[in-house]
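Visitor: This is the structure I have questions about; it appears just below.
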Amino acid sequence: MPLDTNSSEARPARIRVDFTATAGPVLHGAAGSLYGVSEDGVPGDELLDALDITTLAVKPDGGAQHPNGDASPAVAALRRNGPGLAFVYLQDLFAAWPYEDVGIDVYHERLFAVVPPMLTEANAGRLVFVPFNEPDWIWYALSENDPSKFDRFLADWITTVQLLRGLAPGVPIAGPNEAKYHPEFLPHFLRRARDTGTLPEWMAWHELSPDSLAEHRGHHRAYRELERSLGIEPLPVNIDEYGGNRDLSVPGRLAQWAAAFEDTGVHADMAYWTAAGSYSGAAPQPNIPNGAWWFLKAYSGMTGDLARVTPPEPDTVDSLQGLATVDADRMDARILVGGADGDFTIEAVGLDPRVWGEVATATVHRIDWSGYEGAAGPPLPLAQVTGPAAKLEIPVADPDPMAAYWVTVAPGTAKAIEPAPWKGRWEAEAARITSGTVHRQGRTADGNGFAASGDYDVTELNTNDSAVEFAVEVPEAGEYDLAIFYAHMYGRGHEPIDPQPAEQVLTVNGAERFVRYPTTMNWQHRSVATEPVRLRAGANTIRLSKSGAIGTASGEATLDKIELTERRPDRTVYEGALARPVEGGRVFDLYAGVDGYHRIEGAASAVLAGPQNQHVPVDLTRPVFLHRGVNRLRTGPDAERLTVTPAEGPEPVEVLAQEATRSGGSCLVVNDFAVGGHVIGWNGRGAAASIAVEAAGGPHALLVHYANDERGKSHEYNIDVVTLHCDLTVNGAKTGRHPMRGTWTWNDFWTYPVIVELRKGANTIVFDNPDGPTADLERFRIAPLNP
């Protein structure tokens, strides 16, 4: 049979990177987020520090649209983590969505009240005011292309800009900030704003539809041509909102958005469709990353100049796209691609052998999708290619379209990597389903539907015979990690209110046990539950069901897919390419899947930057306690790589809720889902709880286990979780106020880590909030940081 030269198997797609064709410094403009920072500390600096955030979008201080996301706390977080700007959606001072149309005079009166208090020294140089949000449909109906409606908006634009420039001289203004690029209206807007001296300092619009992946570059070209035709100097552009639920959290889709925005040199903020403080789906918990966070970290770590990337299908939705940089000073080149649904090859050309030498090595890493709420470790190195520096051919086989592929290129022949463990995936919709329903989820035609692997999931697994049975094959007998991609929303929509974690019966080749699923935001907001399983070589059967011989599981879950990964000794190597250069050294972002002690090799000593930015010297010849999530370790400049493995250490001291001393309005509340069966609850101001701890002295990790399901008003689509705060006092000294983000229910417990300095002997730690209730506290664990 003749070879089919048109088949994808015969001719993998090719994406070309030309390092000789550069276009100025990389911007990292796509790393912003609308309401991604809800309070100072949510997300924590352990996640924000690694991101080059050029813009955030927020609301005015005290705005009624949401219970959090105020400008001043977001600026406080920005100041510690880079030079980024906060774009303030001023209309978010209103409570209703869409905003109540009170008339421009009343709006101006409200601006007189909310703008001046934000003009503090701490906010100086960090604010950009956005006076209108989506006027194409809110208040003005500009999308109808009615000249009278254009005129009404433009009259209000002029007086509002004049008012703001009087109230806040020197604070830039952005607009018109429509829900999409609007070619019929923009000529009117720019001409009138030019002629009245009310041009914004920033041009802003939204790119929310999947179609924008194909259309954004054309929008930008048309806009720049419009500026030129009107004699207007180029304005910086911020795409204040981009992407839908099907894109956010998904590295392979974020790569396509980042490529588009870097090509056009604009800043952009991921949209806000769910809960504030989650960094638009990249921060499942305040210090715990998912795959999207590792994508943003890899993207933020690209330095030097952008190189020209030619994809196989330019301006095409859900296709192989990418960006690349070359940094001559650091002798470093990087490539970041995603969206491929078949084998592809990266053709990297143009590294000058006179500078790089004759040979260069490319290392390919995969950044997996871990759902919206599934924790994820660092990118996995998959393969290395060593070849002529002037032309490297880098093949990628069997790619996951939801994953991003991050390639680092270094001169010479690099140290060989450990091959990645074997991994396989199986879709739930392709399995044997009993009493369940297959649903199609977020896709190109439904951009705001939630992402699902393969676009489908299995729902309504709520009868006693409901089951999904997977036939899987593995290459060798042995231990594997089974990752179950699920969602569970404490009963809303499918069964009576049941605010608690769910279960299913997991059966592996006939052996049953229960698997527990913590609550997620909704029925499509994927998380990952990981279970160790032992499999035989070849065929195996894995079944997830409502009931089995061991009994009936509580609650209900939807299933997306399962993955099996060959289990290896728990050992993670962090190459220098994954570290961040800082003055006098580099910072490694170390990931721990569980709280505990770790041995860190590759440097003699280092400084651990704690969750609240305490800088604690640690001796790496001894074990170091790392909390679950990201831990920042600063080393000297000579640490080329770090190897991290679990280690033995002192057992943490655990204090249960019922063992704490309560005072004021605090009380002991029965909770069957808490370790120990109780939590500390709060009845208003003046409530406190304290624990007594014997310690050897020195810095200790304090892990506060808590639950918080405080909610704001009901919103059309956002989940208005409320962060509760807890003040901490150690041996009479206040150590700070700590934010505890919502955990979806009062029966799901998250961990808040703190580093505290304890004295030798007896210590007293007090938890309170003089301003009101704090989260329910389940238990406390304390361990020496570096015994």
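Visitor: Give, in nm to one decimal, the length gained when the segment between residue 122 and residue 539 is fully stretched (0.36 nm per residue of separation minus the Cα-Cα distance).
Guide: Fully extending the segment from residue 122 to residue 539 adds 143.9 nm.
Visitor: Given Cβ point charges of +1 (Lys, Arg) and -1 (Asp, Glu) and nothing else, what value in debye, to the nearest 20, does the dipole of the range 512-598 about its Cα centre take?
Guide: Roughly 360 debye for the range 512-598.
Visitor: Now for a different question. Rolling a 1.4 angstrom probe over the protein heavy atoms, how many square angstrom per residue are accessible across the chain?
Guide: So the chain comes to 37 Å² accessible per residue, rounded to a whole number.
Visitor: For residue 22, what charge total do you get from the other residues with a beta carbon under 15 Å from its beta carbon, if Lys and Arg give +1 and Asp and Glu give -1?
Guide: Residues near residue 22 contribute -4 overall.
Visitor: While we're looking at this one, here's another question. Rounded to the nearest 10 Å², what accessible area does residue 643 show when all protein chains are kept and the probe is 1.4 Å?
Guide: The accessible area comes out at roughly 20 Å².
Visitor: Taking the Cα centre of the chain as origin and charging only Cβ (+1 Lys, Arg; -1 Asp, Glu), how large is the dipole, in debye to the nearest 20?
Guide: Result for the chain is approximately 1420 debye, rounded to the nearest 20.
Visitor: Something else: With viscosity set to 1.567 mPa s and temperature to 4 °C, compute the Stokes-Einstein D of the range 8-104, Rh being the Kirkwood radius across alpha carbon pairs; µm²/s, no decimals.
Guide: So the translational diffusion coefficient is about 82 µm²/s.
Visitor: Where does the chain land at 222 nm, in deg cm²/dmol rounded to the nearest 500, when only DSSP H runs of n ≥ 4 count, each adding -39500 (n - 2.57), divided by all residues?
Guide: -4000 deg cm²/dmol
Visitor: Of 541, 104, 695, which is farthest on the positive side of the dipole of the chain, counting Cα position, with +1 on Lys and Arg Cβ, -1 on Asp and Glu Cβ, and the Cα centre as origin?
Guide: About the Cα centre, the residue reaching furthest to the positive side is 695.
Visitor: By its C-alpha gyration tensor, with a ≥ b ≥ c as the square roots of the eigenvalues, how is the chain shaped: rounded for a/c under 1.5, else prolate for a/b larger than b/c, else oblate?
Guide: rounded
Visitor: Would you mind giving the three semi-axes, in whole Å and largest first, of the ellipsoid equivalent to the range 576-723 according to its Cα gyration tensor?
Guide: Those come to 36, 21, 14 Å.
Visitor: Still on this structure: Roughly how many Å² of residue 779 are accessible to a 1.4 Å probe, to the nearest 10?
Guide: Around 40 Å² of this residue is reachable by solvent.
Visitor: Pop the C-beta distance of residue 653 and residue 605 into the FRET formula with R0 = 35 Å and round what comes out to the nearest 0.05.
Guide: With R0 = 35 Å, the Cβ-Cβ based efficiency is 0.85.
Visitor: Using alpha carbon centroids, what distance separates the range 13-49 and the range 596-625, in Å?
Guide: Computed from Cα coordinates, the inter-centre distance equals 27 Å.
Visitor: Over the Cα atoms of the range 720-776, compute the convex hull volume and normalise it per residue, giving Å³.
Guide: 98 Å³
Visitor: While we're looking at this one, here's another question. Helix by helix through the chain, keep the DSSP H runs that span 27 Å or more along the axis on Cα and average at least -1.0 on Kyte-Doolittle, and give those back in order.
Guide: 147-167
Visitor: What is the range 409-477 by shape, rounded, prolate or oblate, if you read a ≥ b ≥ c off the alpha carbon gyration tensor as root eigenvalues and call it rounded for a/c under 1.5, prolate for a/b larger than b/c, and oblate otherwise?
Guide: oblate
Visitor: Sticking with this structure for a sec: Write down the Kirkwood hydrodynamic radius of the range 658-722, to one decimal in angstroms, obtained as one divided by the mean of 1/r over all alpha carbon pairs.
Guide: Result for the range 658-722, one decimal place: 14.7 Å.
Visitor: Among the DSSP beta bridges whose two residues both lie in the chain, what percent are antiparallel, rounded to the nearest 5?
Guide: Once the DSSP bridges in the chain are tallied, antiparallel ones form about 85 percent.
Visitor: Under a 1.4 angstrom probe, counting protein chains only, how are 110, 526 ranked by accessible area, largest first?
Guide: Ranked from most to least accessible, the order is 110, 526.
Visitor: Roll a 1.4 angstrom probe over the protein heavy atoms and tell me the percent of accessible area of the chain that is carbon or sulfur.
Guide: Roughly 51 percent, rounded to a whole number.
Visitor: Let me ask something else about it. For the range 534-598, with equal point scatterers placed on the C-alpha atoms only and solvent neglected, what are the log10 I(q)/I(0) values from the Debye formula at q = 0.15, 0.20, 0.23, 0.25 1/Å, to two decimals?
Guide: Values returned for q = 0.15, 0.20, 0.23, 0.25 Å⁻¹ are -0.85, -1.04, -1.13, -1.17.
Visitor: At a Förster radius of 25 Å, what calculated FRET efficiency corresponds to the Cβ-Cβ distance of residue 613 and residue 759, to the nearest 0.05?
Guide: 0.70
Visitor: Using the alpha-carbon centroid of each, what span in Å lies between the range 701-767 and the range 161-202?
Guide: For the range 701-767 versus the range 161-202, the Cα centre distance is 42 Å.
Visitor: List the lysines whose Cα sits under 21 Å from the Cα of residue 734, skipping any in the same chain fewer than 8 residues away.
Guide: 760
Visitor: Can you give the direction-averaged projected area of the convex hull of the alpha-carbon atoms in the range 149-249, in nm²?
Guide: Taking a quarter of the hull surface, the average projection is 7.3 nm².
Visitor: Right, next: Could you tell me which of rounded, prolate or oblate describes the range 485-600, using a ≥ b ≥ c as the square roots of the eigenvalues of the alpha-carbon gyration tensor, with rounded for a/c under 1.5 and, failing that, prolate when a/b is larger than b/c and oblate otherwise?
Guide: In terms of gyration-tensor shape, oblate.
Visitor: Per residue, how big is the convex hull of the range 348-463 when only Cα atoms are used? Give it in Å³.
Guide: 148 Å³
Visitor: Holding the Cα-Cα limit at 31 Å, pick out from 180/713; 546/713; 415/561 the pairs that are longer than that.
Guide: Over 31 Å apart, Cα to Cα: 546/713; 415/561.
Visitor: Right, something else. Could you state how much accessible area residue 503 has, in square angstrom rounded to the nearest 10, with a 1.4 Å probe and all protein chains kept in place?
Guide: Looks like 50 Å² after rounding.
Visitor: Could I ask something else about it? Output the direction-averaged projected area (hull surface divided by four) of the convex hull of the alpha-carbon atoms of the range 23-179, in nm².
Guide: 10.2 nm²
Visitor: Report Rg(Cα)/(2.2 N^0.38 Å) for the range 552-632, keeping two decimals.
Guide: Against the empirical 2.2 N^0.38 Å value, I get 1.46 for the range 552-632.
Visitor: Could you order the peptides 698-706, 176-184, 160-168 from most to least packed, using the average number of other C-beta atoms within 10 Å per residue?
Guide: Packing proxy ranking, top to bottom: 698-706, 176-184, 160-168.
Visitor: About the Cα centre of the range 284-440, what is the dipole size in debye to 20, counting +1 per Lys and Arg Cβ and -1 per Asp and Glu Cβ, all else neutral?
Guide: 360 debye
The values are calculated or read from the model by the stated rules, or taken from the named source; none is laboratory data. What you see is a predicted model; the values in this text were computed from it and never measured. Heads up, the Cβs are rebuilt from the backbone with ideal geometry, glycines too, and the neighbour counts pull from every protein chain shown. With ligands, DNA and RNA removed, areas are computed over all heavy atoms of the protein, side chains included. Shrake-Rupley method; radii C 1.70, N 1.55, O 1.52, S 1.80 Å.
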